[in-house]
Amino acid sequence: MNDFVRLEQAIRASTRLAAAVCGVLLLVTIGSLTFAACALWSARQALARMPVLVVPGAVAGVYTTGLTEDNVRSAARYLAGLGTNFSGVRGMDQRFDELEAFASPQFLPRLQLARSVLRRDVETQDQARVFYGAPSSERLWQSTPGRFEYAIRGQRLVYAGGLAMDRHNSTLSLKLALGPPSNGNRVGVLLDGFDLSDEDAPMHASAAR
């Protein structure tokens, strides 16, 4: 008889223990669900207050969100390199094709004329040209709203057939204007003037040299 009593007590104790464990698990589950719901609500509220950020190039389309002075300066450096650093007529053509994509409609005919003159020298003499600008001399200023001028001094070197042919201290000057972006000019900075003048020469060629 005593064995049955002890067995009944053991079963009751096990039942109470199982009920307690189930209760604890139920409380933990309810707490977890409550925390998850609160976290989700907080995340939605944060997203609702977060400003929308547009990253150019992340979606299809051509647009300009607004250019800073650093953007214009970077564009000027890039255009300066296109017009002054190349090797051989093929390399020149590739770089001037890209340079012309940035030219304003008013400046494009002058740039194309200067290109044809330069191309004859590069082709007949197998020339390579390099311009080393001095960073300390670089200047960028806004002449009128939406129009900028860029200037930098440095050395212009010309090689013919791999041999040094010419070296001059020169000043490179660009005129830039803000305009509508295009497939060829996604920045929206237009080239409106390009001049590389030798400081030790009495005469110099405008537009491009």
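Descriptive notes on the structure:
- Protection proxy ranking, highest mean first, for peptides 136-146, 179-189: 179-189, 136-146, where packing is the per-residue count of other beta-carbon atoms within 10 Å, averaged.
- Counting only protein heavy atoms and a probe of 1.4 Å, the accessible surface of the stretch 68-192 is 51% carbon and sulfur.
- E69 accessible area, 1.4 Å probe, all protein chains in place, Å² to nearest 10: 100
- Projected area, mean over directions - the stretch 98-137, Cα convex hull, nm²: 4.1
The values are calculated or read from the model by the stated rules, or taken from the named source; none is laboratory data. Bear in mind that the values here come from a model prediction, so they are computed numbers and not experimental data. Please note: Cβ atoms are built from the backbone with ideal geometry, for glycine as well, and neighbour counts cover all protein chains shown. Areas reflect the complete protein model, heavy atoms only, side chains present, ligands, DNA and RNA absent. Shrake-Rupley method; radii C 1.70, N 1.55, O 1.52, S 1.80 Å.
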